[in-house]
Amino acid sequence: SHWAQETLFRRLRRCLLLWPPPVSRHVQSLENMLQLRIVKACAGHAVGHQNRRLGCERASPAADRSQNSTSVFCKAGVIAFLLDRSHRRRKILSSKREVISRRKASATADGSIPCFQPGVRLKGTVISLNPGIPGAFVEVGASKPCLLRCCNMLQMGYADVQWMDQCLSVGSIVDVWVREISKGQIFLALYDVNSLRPPSSFRFGESLQGTVVSLNPEIPGAFVEIGLTTSPCLLPCSNMLQTGYVDKRWMDQFVQVGSTVDVWVREISDDGQIYLALFDVNPLRPPSTFKVGERLKGTIVTLEPASLGAFVEIGAERRAFLHASRMSKQKYVDGNSMSQIVQPGCVVDVWVHSVTDGSIYLSLYEGTPWLLPRKFKVGNRLRGTVLSMVSELPGARVEIDGWQCLLPCRDTTQDCNVDVNAALVDLVLLEGRSIDVWIRDISDDGQVYLALYDVKALREPRSFEVGERLKGTVVLVSKDPKIPGYLVEIGARKPCLLPCSNLLQSGYAEEWTNQSLPVGSVVDVWVREVSKGQVYLALYDVNSLRPLSSFRVGESLKGTIIHIDPEIPAAYVEVGAARPCFLHGSQMSRDAVGGTMLTDVVFGGLEEGLELQVWVASIAPQRIELALFDTSPCRWPDTFSFGEHVLGAVVLVKGSNAYIDVGATRTAFLDLQHPDNQGRSADIVA
């Protein structure tokens, strides 16, 4: 057909331009020959078709020539296709070699990104387009591809994904400028960034025109391009209305991606981040004009559990901060219970507590801030009133100067053989009465625990030594599923933990603990570990255990699995060391068995109490990592060098992380969300 003829000749002419002269001459002669044969083939094909239509039994010579010419035509097409495909493969390989050589040449001795300065003009090649960012990755000779975001493609206006697809294509060469370098990633722009303004040139209250480049419901807020040398500026939802509150669900009603908006500079942080507002901030009051004790109306704009507080809009140049400790006089408020008192958008009466370095701190009540009273110290004797029973503890809630504290049943008497039911009856009889109590412990979240006896004679956790032998009384069964065990009273400031994994020196204590240690029983225990103010005990002499420094990489050991944590995923193995050893899910097989390896092995072949042979993979000051294969012939991680090309096998995929076996004592780590790996993440997960 005419289409097949044109396709064949197009491929042949491409080969004439791309291949060496000997091949070109061969293809040229092939094309000249085909031009003569195709005409004859078409004529013979027509005659043969006519003979077959008339029912002739014998084909004419023209039909034979048609069949022969068609065969030549097909052979020539196959040759041209193979030549074309071979050339494409060579072109791809040469481009990959060029990229690798450029990366090796540009990488420094320690493998870091070379010194690219903001404002430098570069030549780059677009290697991929990513609508999810949205943006493109450009190869400029750095140790890893650089990111060209859509918001940096136009200096004025907004470039969306459709604009990117129309103006950029994979393999195109573009002129780019380095705009920002953050956390090892180079961000590029398609325009000269040297004309942009630095953060120091902006001032509070300055009016600007900007373009909304993205909306982020997690902050919540929008990013606006105003000509800053670094990344676009942030317009929080709390700065979209001067009075009132904008929820993230209504954010798109005020700003839309690509729209041009009038904004004002409201705040410039120490790290150069500029925060904008959709209203004129010049009439706002400076912090120095607020007086301590002044009463105001404020709107809660955000809750910050990590900072233990909330930001409040009170008409100041900067939003004021309300700490959790100043939200209630009746009870302690932590990061998780703040939402029970205040919610974003609610209007509250606040008092100015203090003004420090331009920051305003508020309180929900008049007077001094409600912090933990100074007399609330461990060992102090206080007077309190029994309010109510707490069956979950079990124990009682006691109020001291407006602060609600907890009195466990186990601390109603210094005698360790306490009857919980009898203690509850005694506390019920005391309900509403005033009693003398001693502060036994104060947790990190501010919860105060009391006792009905003097606790000054009790020992601090740091005073216990590993290997020390003690007499203890079981006071409670621990309900923590991660660390099942018992709470044992040994005369410390707070009860110590006896995990089930420390009940037997060899073997697993699951069947033995089914009989359970009765509450009130007296046992001999040894201190196995003291960590973060918690004392961990064991029912056997721990002085015979080996120190961690005595192990060596590649050593073969016999161990018992004492706990499996599928969330990590990992297992803890008892091998006779001073601390239980760590067996990660990626270290359970030397064979590449795919992402289902952990499920098949842990829940199919491994279980708590199983004895198995393990090898030491690595030794850290506080932990030993194990493997289920011999690590002695494996390479140490220190022997690998930056840029080294290795062959690896995927042994585990967990979320956005992949673990690769590269023949080392420990599996290598691969971040599937990294831009360099996004092209292959689907193949790795599959």
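The values are calculated or read from the model by the stated rules, or taken from the named source; none is laboratory data. Note that this is a predicted model, so its numbers are computed, not measured. Cβ placement follows ideal geometry from the backbone for every residue including glycine, while neighbour counts extend to all protein chains displayed. To get the accessible areas, we keep the full protein, side chains included, count just its heavy atoms, and leave off ligands, DNA and RNA. Shrake-Rupley method; radii C 1.70, N 1.55, O 1.52, S 1.80 Å.
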Practice problem: Kindly list, by first and then second residue, each pair from a residue in region 195-210 that is at positive phi to a residue that is open to solvent by 30 Å² or more (accessible area, probe 1.4 Å), limited to pairs with Cβ atoms under 9 Å and residues at least 6 apart or on different chains. | Solution: 205/264; 205/280; 205/282; 205/317
Quiz item: Is it true that some residue in region 471-481 is at pLDDT 85 or above, more than 34 Å from the chain's Cα centre (by Cα) and surrounded by fewer than 19 Cβ atoms within 10 Å (Cβ to Cβ)?
Solution: yes
Practice problem: Name the single residue, out of those in region 252-277 being under 22 Å from residue 182 (Cα atoms) and exposed (fewer than 13 other Cβ atoms within 10 Å of the Cβ), that is nearest to the chain's Cα centre (by Cα). | Solution: 271
Self-check item: Matching residues, region 153-180, being among the β-branched types (Val, Ile, Thr), surrounded by fewer than 18 Cβ atoms within 10 Å (Cβ to Cβ) and farther than 19 Å from residue 213 by Cα
Solution: 170, 173
Quiz prompt | Residue within region 267-279 that is in a strand (DSSP E or B) and farther than 28 Å from residue 155 by Cα present | solution = no
Quiz item: Can you find even one residue in region 234-251 that is touching a helix residue (DSSP H, G or I) at 6+ places or on another chain (Cβ under 9 Å), open to solvent by 70 Å² or more (accessible area, probe 1.4 Å) and closer than 18 Å to residue 158 by Cβ?
Solution: no
Self-check item: Residue in region 642-655 that is at pLDDT 85 or above, open to solvent by less than 30 Å² (accessible area, probe 1.4 Å) and within 28 Å of residue 186 (Cα to Cα) present
Solution: no
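Is it true that some residue in region 455-464 is surrounded by 14 or more Cβ atoms within 10 Å (Cβ to Cβ), farther than 30 Å from residue 566 by Cβ, in contact with a Phe, Trp or Tyr (Cβ under 6 Å, 6 or more places away or on another chain) and at pLDDT 85 or above? Steps first, answer last, please.
As a first pass, look at region 455-464 and keep what is surrounded by 14 or more Cβ atoms within 10 Å (Cβ to Cβ): 455, 458, 461, 464.
If we keep only those that are farther than 30 Å from residue 566 by Cβ as well, we get 455, 458, 461, 464.
Restricting the remaining residues to those that are in contact with a Phe, Trp or Tyr (Cβ under 6 Å, 6 or more places away or on another chain) gives 455.
Now restrict to residues that are at pLDDT 85 or above: 455.
Yes, that holds for at least one residue.
Please enumerate the residues belonging to region 282-312 that are under 31 Å from the mean Cα position of the chain (by Cα) and either touching a residue at least 60 places away in the same chain (Cβ under 8 Å) or open to solvent by 30 Å² or more (accessible area, probe 1.4 Å) (or both). Walk me through how you get there before you give the answer.
Kept after step one, since they are under 31 Å from the mean Cα position of the chain (by Cα), are these residues of region 282-312: 300-312.
Result: 301, 302, 303, 304, 305, 306, 307, 308, 311.
Looking for whichever is in contact with a Cys (Cβ under 9 Å, 6 or more places away or on another chain), farther than 30 Å from residue 297 by Cα and touching a residue at least 12 places away in the same chain (Cβ under 8 Å) here; the options are 232, 220. Which one fits? Quick ask: steps written out before the conclusion?
On the way: 220 fails: farther than 30 Å from residue 297 by Cα.
That would be 232, the only listed residue that is in contact with a Cys (Cβ under 9 Å, 6 or more places away or on another chain), farther than 30 Å from residue 297 by Cα and touching a residue at least 12 places away in the same chain (Cβ under 8 Å).
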